Amino acid sequence: MKILSVNAGSSSLKFQMYEMPEEKVLISGVFERIGIGNSFYTIKINGEKIRKEKDLNNHKEAVEYLVQELLENKIIESLDEIKGIGHRVVQGADKFDKSVIIDDEVIEIITELNPLAPLHNPAAVVGINAFKELIPNAIAVAVFDTSFHQTMEKEAYMYALPYEWYEDYKVRKYGAHGTSHKYVANRAQEILGKENCKLIVCHIGNGASITAVKDGKCIDTSMGFTPNAGLVMGTRCGDTDVSIIPYMMKQAGLTYQQIDDVINKQSGLLGISGVSSDSRDIEAGIKEGNERCILAQNMFVRRIVEYIAKYYVLLNGVDAICFTAGIGENGINVRKEILDRLGVLGIEIDEEKNDVRGVERLITKETSKVPCYIIPTDEEVMIARDTYKLIEG
Ligand code: ADP
């Protein structure tokens, strides 16, 4: 059965087509700069990458090219072969604790949640509608980044703010990256050979979050009401004394929009280092002795260690710690610095095994009290799996 896994952003559209249940990738690609000029797309097929410059005024035009490529490359002979399309949706709040088949009511609820994800949810709906128009016979499924976190208990997801803010404005922790955390947790369960286990999953990319998982269920996660909570990220500050916000608005005369930009786009690694939000640039700065890059890296690592320690206690021990996403999979030095600081837990890194990028691997010694793994994430396959499962019933 052919299933498309789709991730629509405001100006981009990523896709991957699978033969299910084999999970064989038939074609993948990304449309970029949709509606903002200089648009193009790249597709990967049989290990070959092709780039084409095309005018893409909207998502529908991107889907038209996608359909054309599928037919021209003989991935499909007719559109009816595409049985399902799984769409990534960032915010499902407390409305969706699992993936669902999309109908008008689901679209209505996703749209109602726009204020909680003003950039992402509207883009997802644009993507959903574009595919519905051009491939109407495929069953559309919504896979939410938040649904994996719906198992958190109330004491974990509430903020110590007036209760009415929760009731009237939905202010609570929702988390993010749930599809990735779930994929990595499932994979760790397979590696450990048991379902009942305690895991700490570190999704560390430009956006970053850590989740405590018990018996396959999320107990707590570091992202919050928005994705700007918890860890120090590329450009987001993560956990911060919230009273700094009104203080700076008053002292520096910053508007709501300016302060929102600062905490989301000018903070984190970029804000501290003044150099870049990209961990590779920070590491290059460290090599040159740049003090602010050194500080940025140390703060970044320290916050991750604090969360691992917190979740170790919360879970009452842990069976494995897993690293994933851009830095988690590729950041050899970052992983080493994190694990070195966790020596108190009896964790012993194996530096030779850790000297690797982007492959699934154990990176601690046999004698380490807690095994730590790199597990490259695969959100696309999770979307395809959920879509396939819902279609099969
Ligand atoms: P997001 O999906 O949140 O935009 P990614 O998961 O792609 O982010 O992660 C981006 C981060 O991964 C960047 O900070 C980048 O420096 C880091 N990264 C990617 N490749 C490498 C690498 N080879 N070595 C070190 N860091 C890397």
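Descriptive notes on the structure:
- Looking across segment 345-385 at every residue that is of a type outside the set (Val, Ile, Thr), under 30 Å from Pro21 (Cβ atoms) and in a helix (DSSP H, G or I), the one that is nearest to the ligand (Cβ to nearest atom) is identified as Glu379.
- Residues in segment 374-383 that are in contact with a Ser or Thr (Cβ under 6 Å, 6 or more places away or on another chain), among the hydrophobic types (A, V, I, L, M, F, W, C) and closer than 24 Å to Leu192 by Cβ: Ile375, Met382.
- Every residue from segment 15-31 that is in a strand (DSSP E or B) and either out of contact with any strand residue (DSSP E or B) (no Cβ under 9 Å at 6 or more places or on another chain) or surrounded by 19 or more Cβ atoms within 10 Å (Cβ to Cβ) (or both): Phe15, Gln16, Met17, Tyr18, Ile27, Gly29, Phe31
- Conditions (1) more than 14 Å from Val201 (Cα to Cα); (2) part of a helix (DSSP H, G or I); number of the one not met by Tyr311: (1)
- Segment 283-327, residues that are small (Gly, Ala, Ser) and under 18 Å from Ser368 (Cβ atoms): Ala309, Gly317, Ala320
- Scanning segment 321-343 for residues that are among the basic types (Lys, Arg) and within 14 Å of the ligand (Cβ to nearest atom) returns Arg335, Lys336.
- Extreme residue, surrounded by the most Cβ atoms within 10 Å (Cβ to Cβ), among residues of segment 133-174 that are among the charged types (D, E, K, R) and in a loop (DSSP other than H, G, I, E, B): Asp145
- Set Arg357, Arg385: member being out of contact with any Lys or Arg (no Cβ under 9 Å at 6 or more places or on another chain) and closer than 15 Å to Tyr183 by Cα: Arg385
- Residue match in segment 229-237 (condition: at pLDDT 95 or above, away from the ligand (no atom under 16 Å from the Cβ) and over 17 Å from His120 (Cα atoms)): no
- Complete set of residues in segment 346-359 that are buried (at least 17 other Cβ atoms within 10 Å of the Cβ) and hydrophobic (A, V, I, L, M, F, W, C): Ile347, Ile349
- Test: Gly175 is in contact with a strand residue (DSSP E or B) (Cβ under 7 Å, 6 or more places away or on another chain) and over 16 Å from Cys218 (Cα atoms): no
- Pick from segment 175-212, criterion away from the ligand (no atom under 16 Å from the Cβ) and part of a loop (DSSP other than H, G, I, E, B), ranking: farthest from Met158 (Cα to Cα): Gly193
- Among the residues listed as Val301, Val242, Val275, the single one being over 30 Å from Leu362 (Cβ atoms), of a type in the set (Val, Ile, Thr) and within 16 Å of the ligand (Cβ to nearest atom): Val275
The values are calculated or read from the model by the stated rules, or taken from the named source; none is laboratory data. Keep in mind it's a predicted model, so treat the numbers as computed, not measured. A quick note on method: Cβ atoms are made from the backbone with ideal geometry, for glycine too, and the neighbour counts reach across all protein chains shown.
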